[in-house]
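Visitor: Pasting a structure below so you can have a look.
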Amino acid sequence: MNAEIRPVKTAAEIGLADLFASARDSLPGGRNAEAIRRDAFDRFAVQGLPHSRIEAWKYTDLRRLLRDAKPLVQRPDAPARSVGREAGAVFAGLALRRLVIVDGAFAPELSDLTGLDAGVAVRATAEALGADEMVLPLEMAGTDAVAALNTAFAADGVVITVAPGAVVERPIHLVFVTTGTAPAAMFTRSRLELGSGAALTLVETYEGPDQSDYQVNAALQVDVGNEARLDHLKITGEGAAALHIATFEASIGAGASYRDIGITTGGAVVRNQLFLRLTGEGAVANVYQASLLSGRQHADTTLVVDHAAVGSQSREVFKAVVDDEARAVFQGRITVQPGAQQTDARMMARALLLSDEAVANCKPELEIFADDVQCGHGTTTGALDEQLKFYLMARGIPEKQAEALLIQAFVGEVIDAVAHDELREALTQAMLDWLKERD
Amino acid sequence: MAAVQETIEQVRGIDVDQYRYGFETLIDSEKAPKGLSEETVKFISQKKNEPDWMLQWRLEAYRRWLTMQEPTWARVDYPRIDFQDLYYYAAPKPKKTVSSLDEIDPEILKTYEKLGIPLREVAMLEGVEPKPGEEDPARRKIAVDAVFDSVSVATTFKAELKKAGVIFMPISEAIREHPELVQKYLGSVVPTSDNFYATLNSAVFSDGSFVYVPPGVRCPMELSTYFRINERNTGQFERTLIIADKGSYVSYLEGCTAPQRDENQLHAAVVELVALDDAEIKYSTVQNWYPGNSEGKGGIYNFVTKRGDCRGANSKISWTQVETGSAITWKYPSCILRGDNSRGEFYSIAISNGFQQVDSGTKMIHLGKNTSSRIISKGIAAGKSQNTYRGLVTAHRKATGARNFTACDSLLIGDKCGAHTVPYIEAKNSSATFEHEATTSKISEDVLFYCIQRGLSQEEAVGLVVNGFVKDVLQQLPMEFAVEAQKLISISLEGSVG
């Protein structure tokens, strides 16, 4: 008898295979894209969903957390679109240029496309794919299975290009919103090309209904040209039962500066994976991430910063506030390629555990192949400082409020990193709202 | 001209190997048939005159091993090991039954002499006896268990230790003489199913040391084991078991060397420590297996499982290691902090040069209340080596008040090497306080310039800085080891500058 070893497929893996078989002919893209999608799905099929024995997914066992594959989302109807009009309320009132993506599809009629700043061009991903004018594979994510899934299924999103030298004053806000109450899966792919010397502030927000256990697999590829400057702010505020997986890739050119601020408050299971590559001399990347978790939330932030050029610099700050039975995961890796001398990289990860059932798993890594470097990382994990709390309470501040103040100070470092004044204020308010919900 | 000549000499000096212990002892030896099977396991067990329970224990481990897969998660790269192409047992052929040291093969005695390990108690006593009260620490008595390939050839100071109630003997003897202790503790810290190499070791381990310190006894001298791989194509699978009963203290040293050979040799040891209430174990290692030649050929594969169990309240286990040898090191001395208020410590210096690959670190598993641990790791990578620190700190739900402090620093010498840090920090308890910091850098030009300006050569200056870098760990070593380790560090780094 032939004892062939065949990995046991989970229901979700089988579901995804069926989904791909039925959807692949209708996905946008020319002949070229079709081959890439097929190849990507095969790569996924070989490895299956990532599980805890895959080092990069050690603390997020997707085989367990993603129980079943949801059907691909339907094109949004009129009521869905009206929901989209209200979305992105966190930054309502700010003069952001809204580009709305409803149920994974770019909605131009809800987006603010009039009077685009000079040098800025926006189009739907589906359109770019149809014209075979978009790179599909997520190269920096390597063999990662969920990135491969995104490549296989990605149907829409936005493609933004900023011409060299264009300094865009008005921040662009990508509003991703899920509307339906029926469980559905959506795969979006977006791309931003920032020409050399250009400057932009990009905001991404994700939201959806609490009642639906929808699944989002989003990817954003960014190319920051030489001497360009990009401020990127992402708020993962998905519905309470949602699964959110996002892959972010950025290539940062010589003398360019990239600043990333990420805040995770929503979603049942969240995985934000960021791959940054500093490709030019003197490139700078600053990453600030915060997770505010409660209930049974699970949020994983995995970050790889690859220093591939001389004299590049990076700073990473990660803060997690974990309450109830929530779990926060941070995996951060700083890689210094051979020859990337004079690299200066620092990483700091801190977790604040507010309850006895809360869990924080932290894995900061250094991987260094050059000798003339300065690299370091630090992590701390602990509860709120009782003495600080006592100090505040002794001054007449009620316990809950004292805690809130200390938490605010703890997360403050991340929010203070937002350069745009109005955005920062709006974020501070959002954090205060989260703290209020704790009571 | 003279200067040029000197440079040439120096470069030549770099090319030849700096390993001082690479000689081979030519003696007759008895080996198990090549390869691994149930027969091999039975052969080893029979050679050791083991009781049946021990054989069954081994066989169970062997059967489990057959179902296991070699781990691949470590950052080490080596051709697949053919486990059937090894000898699992090699023992110097006894001329007759050995009853005293004089009857040991003089070749073996010479080997240990060359290595600087005193096996003759008299040699220790002949010297000027230090006056009471002004004991010269470098001349303190050390009891030595010498393991040559698969067997223990001599254990010194047995009688004196016996007076104190301390049992110090080869584990093969302990299995026969103290089965109740061995049965109770063997495999209780590192179970036979623990990992691929530990399971292999459980099946075929041949010798090692056994230490039992009775309640309330402070072991009167340092205990030490010296491991030597001599035979070609053999794997060494030693097993060490140390039990510190309530309120006792023991300090244990371990040293290792092997001849210079072109083929790789396997060393897969298991060390188990058990500390009961209020007991303390201090375990120090200077690992100097043959690291391979300057082209990366040969050297020992060092795949070791070391774990200590702070089983009792207020117990303490401290690991100190100086790792300079081996082609590949895969070693994570760990502490299970089970007892309340127990404490684990890990001090490590790992130096890699040439083509060495080190993946080493520790695990601190906090289970009891108010447990604390401290990790100080210093990695130095030179040449074309890869040096990885991999460590886990975890606090379980009931480990309230757990505390950890970790500092791992790496130093890179040259631009062809790599230094990596992979810590895992898992807190499942809000009252746990974990702190971790790591840095990687090269030796500051300013500091070197300062030293050279004051007349030190480049190499001396680097040596000085490196010794300063590792000082925190060296201070944890017993005196006689610290001196040796300091010398070893300068040898390992020779030729790595410039």
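Visitor: Hey, can you tell me all the residues within the stretch B:398-415 that are out of contact with any Pro (no Cβ under 8 Å at 6 or more places or on another chain) and under 14 Å from B:Ile380 (Cβ atoms)? Break it down stepwise before answering.
Guide: The first filter runs over the stretch B:398-415 and keeps only residues out of contact with any Pro (no Cβ under 8 Å at 6 or more places or on another chain), leaving B:398-405, B:407, B:409-414.
Of everything in the stretch B:398-415, those that are out of contact with any Pro (no Cβ under 8 Å at 6 or more places or on another chain) and under 14 Å from B:Ile380 (Cβ atoms) turn out to be B:Asp409, B:Ser410, B:Leu411, B:Leu412, B:Ile413, B:Gly414.
Visitor: Let me ask something additional. Contact list please: Cβ distance under 8 Å, first residue in the stretch A:135-154 and over 15 Å from A:Ala56 (Cβ atoms), second residue among the hydroxyl-bearing types (Ser, Thr, Tyr), pairs at least six apart or on different chains.
Guide: Here the result reads A:Leu136/A:Thr151; A:Pro137/A:Thr151; A:Asn150/A:Thr247; A:Ala154/A:Thr125; A:Ala154/A:Thr188, each pair linking the stretch A:135-154 to a residue that is among the hydroxyl-bearing types (Ser, Thr, Tyr).
Visitor: Among the residues of the stretch A:11-27, write down those that are over 16 Å from A:Val46 (Cα atoms) and surrounded by fewer than 18 Cβ atoms within 10 Å (Cβ to Cβ).
Guide: A:Ser22, A:Ala23, A:Arg24, A:Asp25, A:Ser26
Visitor: Considering each residue of the stretch A:211-230, count those that are assigned to a strand (DSSP E or B), out of contact with any helix residue (DSSP H, G or I) (no Cβ under 6 Å at 6 or more places or on another chain) and of a type outside the set (D, E, K, R), and give that number.
Guide: Pass one, the stretch A:211-230, residues assigned to a strand (DSSP E or B): A:215-224, A:229-230.
Checking which are out of contact with any helix residue (DSSP H, G or I) (no Cβ under 6 Å at 6 or more places or on another chain) leaves us with A:215-216, A:218, A:220-224, A:229-230.
The next check asks that each one be of a type outside the set (D, E, K, R); those that pass are A:215-216, A:218, A:220-222, A:224, A:230.
Number of matching residues: 8.
Visitor: Of everything in the stretch B:60-78, what is in contact (Cβ under 8 Å) with a residue 24 or more places away in the chain and either within 14 Å of chain A (Cβ to nearest Cβ) or assigned to a loop (DSSP other than H, G, I, E, B) (or both)? Give them in sequence order.
Guide: B:Met68, B:Gln69, B:Glu70, B:Pro71, B:Ala74, B:Arg75, B:Val76, B:Asp77, B:Tyr78, listed by residue number.
Visitor: What are the pairs, 6+ residues apart or on separate chains, where a residue within the stretch A:37-54 that is free of Cβ contacts under 8 Å to residues at least 60 places away in the same chain has its Cβ under 8 Å from a residue that is surrounded by fewer than 17 Cβ atoms within 10 Å (Cβ to Cβ) and of a type in the set (A, V, I, L, M, F, W, C)?
Guide: That search, which allows pairs on different chains as well, returns A:Ala45/A:Ala17.
Visitor: Follow-up. Among the strands (runs of 3 or more DSSP E) contained in the stretch B:171-267, which hold 3 or more residues that are over 19 Å from B:Trp330 (Cα atoms)?
Guide: B:209-213, B:222-228, B:239-244, B:249-257
Visitor: Here is a further query. Considering only residues that are more than 9 Å from every other protein chain (Cβ to nearest Cβ), surrounded by fewer than 24 Cβ atoms within 10 Å (Cβ to Cβ) and either in a loop (DSSP other than H, G, I, E, B) or on the phi > 0 side of the Ramachandran plot (or both), which ones fall in the stretch B:377-398?
Guide: Of everything in the stretch B:377-398, those that are more than 9 Å from every other protein chain (Cβ to nearest Cβ), surrounded by fewer than 24 Cβ atoms within 10 Å (Cβ to Cβ) and either in a loop (DSSP other than H, G, I, E, B) or on the phi > 0 side of the Ramachandran plot (or both) turn out to be B:Gly383, B:Lys384, B:His396, B:Lys398.
Visitor: Among the residues of the stretch B:161-169, are any over 22 Å from the mean Cα position of the chain (by Cα), of a type in the set (Lys, Arg) and modelled with pLDDT under 85?
Guide: Scanning the stretch B:161-169 turns up no residue that is over 22 Å from the mean Cα position of the chain (by Cα), of a type in the set (Lys, Arg) and modelled with pLDDT under 85.
Visitor: Only one of these is without any contact (Cβ under 8 Å) to a residue 60 or more places away in the chain, farther than 17 Å from A:Met186 by Cα and in contact with a strand residue (DSSP E or B) (Cβ under 8 Å, 6 or more places away or on another chain): A:Leu113, A:Leu99. Name it.
Guide: Numbers: A:Leu99 fails: without any contact (Cβ under 8 Å) to a residue 60 or more places away in the chain.
On inspection, the qualifying residue turns out to be A:Leu113.
Visitor: Continuing with this model, one more query. What's the number of the only condition in (1) of a type in the set (Gly, Ala, Ser); (2) touching a Pro at 6+ places or on another chain (Cβ under 7 Å); (3) outside any loop (DSSP other than H, G, I, E, B) that B:Gly308 fails to meet?
Guide: (2)
Visitor: Of the conditions (1) touching a His at 6+ places or on another chain (Cβ under 9 Å); (2) buried (at least 24 other Cβ atoms within 10 Å of the Cβ), B:Thr225 clears all except one; give me its number.
Guide: Unmet for B:Thr225, out of (1) touching a His at 6+ places or on another chain (Cβ under 9 Å); (2) buried (at least 24 other Cβ atoms within 10 Å of the Cβ): (1).
Visitor: Then there's this: Does A:Gly396 satisfy being away from chain B (no Cβ under 14 Å), at pLDDT 90 or above, surrounded by fewer than 18 Cβ atoms within 10 Å (Cβ to Cβ) and not in a loop (DSSP other than H, G, I, E, B)?
Guide: On the way: away from chain B (no Cβ under 14 Å): yes; at pLDDT 90 or above: yes; surrounded by fewer than 18 Cβ atoms within 10 Å (Cβ to Cβ): yes; not in a loop (DSSP other than H, G, I, E, B): no.
Taking the combined requirement at face value, the residue does not satisfy it.
Visitor: Within the stretch B:476-492, is there a residue that is within 12 Å of chain A (Cβ to nearest Cβ), under 23 Å from B:Tyr332 (Cβ atoms) and surrounded by 23 or more Cβ atoms within 10 Å (Cβ to Cβ)? Reasoning before the result, please.
Guide: If we filter the stretch B:476-492 for residues that are within 12 Å of chain A (Cβ to nearest Cβ), which is where we start, we get none.
No.
Visitor: Suppose we filter the stretch A:35-66 for residues that are more than 14 Å from chain B (Cβ to nearest Cβ) and either among the hydroxyl-bearing types (Ser, Thr, Tyr) or surrounded by fewer than 14 Cβ atoms within 10 Å (Cβ to Cβ) (or both); how many remain?
Guide: Count: 5.
Visitor: Can you name the residue in the stretch B:434-475 that is among the aromatic types (Phe, Trp, Tyr), more than 14 Å from chain A (Cβ to nearest Cβ) and surrounded by 12 or more Cβ atoms within 10 Å (Cβ to Cβ) and is also farthest from B:Thr400 (Cα to Cα) among such residues?
Guide: Taking the stretch B:434-475 first, the residues among the aromatic types (Phe, Trp, Tyr) are B:434, B:449-450, B:469.
From what's left, more than 14 Å from chain A (Cβ to nearest Cβ): B:449-450, B:469.
After this cut, where a residue has to be surrounded by 12 or more Cβ atoms within 10 Å (Cβ to Cβ) as well, the list is B:450, B:469.
Details: B:Tyr450: 48, B:Phe469: 34 Å.
Out of the qualifying residues, it is B:Tyr450.
Visitor: Quick check on this structure: which one of A:Gln342, A:Gln374, A:Gln331, A:Gln337 is surrounded by fewer than 22 Cβ atoms within 10 Å (Cβ to Cβ), closer than 18 Å to B:His420 by Cβ and more than 8 Å from chain B (Cβ to nearest Cβ)? Even if it seems obvious, please write down each step before you answer.
Guide: On the way: A:Gln342 fails: closer than 18 Å to B:His420 by Cβ; A:Gln374 fails: more than 8 Å from chain B (Cβ to nearest Cβ); A:Gln331 fails: surrounded by fewer than 22 Cβ atoms within 10 Å (Cβ to Cβ).
Just one listed residue meets the conditions, A:Gln337.
Visitor: Suppose we keep only residues that are away from every other protein chain (no Cβ under 11 Å) and of a type in the set (Gly, Ala, Ser) within the stretch A:297-328. Which one would you say is nearest to A:Asp416 (Cα to Cα)?
Guide: A:Ser314
Visitor: Additional query: Would it be correct to say that A:Lys389 is free of Cβ contacts under 8 Å to residues at least 60 places away in the same chain, farther than 28 Å from B:Ser444 by Cα, more than 10 Å from chain B (Cβ to nearest Cβ) and charged (D, E, K, R)? First the steps, then the outcome.
Guide: Numbers: free of Cβ contacts under 8 Å to residues at least 60 places away in the same chain: yes; farther than 28 Å from B:Ser444 by Cα: yes; more than 10 Å from chain B (Cβ to nearest Cβ): yes; charged (D, E, K, R): yes.
So A:Lys389 fits the description; yes.
The values are calculated or read from the model by the stated rules, or taken from the named source; none is laboratory data. The structure presented is a predicted model; accordingly, all values stated were derived computationally and were not measured. All Cβ positions, glycine included, derive from the backbone under ideal geometry; neighbour counts span all protein chains shown.
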